[in-house]
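Input: a single structure, listed below in structure tokens.
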Amino acid sequence: MKLVFATNNTHKLEEVRAMLLDTIEIVSLKEIGCYEEIPETANTMEGNALLKVQYIQKHYEYACFADDSGLEVEALNHAPGVYSARYSGIPHDSEANINKLLQEMEGKTNRKGRFRSVIALLLDGKEYLFEGIVKGTITTEKRGKNGFDYDPLFIPEGYEQTFAELGDEVKNKISHRARAVKQLTAFLSANNI
Ligand code: ITT
């Protein structure tokens, strides 16, 4: 089946396309002619994921899903969380976000954090939410070149390398997004969609 993935983040698009290669044909926002910034004014990932799919449904009338995600760090009261993309301000600046996180974590002994992804699906007028979490630790310096944004700072539980060192193949099996996508596909196949 075909589903629009409501994201302007090309890394997310590539990751999810690779995960769903055999099951779902992902249609990008560009492919439906949507170039505008979709408002993300909620203060939860669930709220923002729903805003993205509702926007596409309202303006383009396509069945679609969206991911809202972020890094939640224990020692920072779960920041940057829903504000991960704009942690250091707008416009989005990956390098500045990474540097800000390293700075905020200076001297902190509790390095625990987790990536969380909330996927919203809007299908036949009904909304569904799926969540994926991967726990890990925050490094004290950048390590690795793969992935995007906070990946060089995040070591998933059970590993010694960051997502950026582990690369796409490992990341796409164990990441927060992979886990949320797995739930999405399980739901779709359980409902013969
Ligand atoms: P869309 O809203 O268009 O999907 P976005 O990048 O703005 O793109 P979010 O609002 O969901 O997406 O913000 C998620 C931010 O959380 C993202 O920009 C990264 O900074 C961070 N993030 C989420 N998943 C990540 C991952 O797998 N690796 C590194 N950083 C991630």
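Read-outs throughout are calculated quantities, based only on the coordinates presented, and are distinct from any laboratory measurement. The shown structure was predicted, so the numbers you read here are calculated from the model rather than taken from an experiment. Note that we place each Cβ from the backbone using ideal geometry, even for glycine, and neighbour counts take in every protein chain shown.
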Return the single residue from A42, A85, A120 with maximal mean-square fluctuation; model: Gaussian network over the chain, springs between Cα atoms under 10 Å.
A42
Under 19 Å Cα-Cα from K2, which aspartates and glutamates qualify once same-chain neighbours fewer than 8 residues away are excluded?
E14, E15, D22, E25, E31, E61, D67, D124, E127
Does the range 86-130 come out rounded, prolate or oblate by the C-alpha gyration tensor, with a ≥ b ≥ c the root eigenvalues, rounded set by a/c under 1.5 and, if not, prolate when a/b is larger than b/c and oblate if not?
oblate
Taking alpha-carbon centroids only, the range 162-193 lies from the range 31-69 a number of Å equal to 20 Å
Consider just the alpha-carbon atoms of the range 33-97 and return their Rg together with their Dmax, both in angstrom.
13.4, 42
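Over the chain, what is the relative contact order in percent, taking alpha-carbon pairs closer than 8 angstrom and at least six residues apart?
Details: 360 pairs, mean separation 34.6, N = 193.
It rounds to 18 percent for the chain.
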Going through the cross-link list K108/K173; K112/K173; K30/K126; K100/K142, which pairs have a Cα-Cα distance over 18 Å in this structure?
K108/K173; K112/K173; K30/K126
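Using only the Cα atoms of the chain, construct the convex hull and provide its projected area averaged over every direction, in square nanometres to one decimal. Don't skip to the answer; put the middle values down first.
Working: hull surface 42.1 nm².
Projected over every direction and averaged, the Cα hull of the chain covers 10.5 nm².
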Quote the charge dipole size of the chain about the Cα centre in Debye, to the nearest 20; the model charges only the Cβ of Lys and Arg (+1) and of Asp and Glu (-1).
320 debye
Between the Cα axis of helix 45-60 and the main Cα principal axis of the chain, the angle (0 to 90°, nearest 10) is 30 degrees
Which residue, I32, I174, I119, tops the fluctuation ranking in a GNM of the chain built on C-alpha contacts under 10 Å?
I32
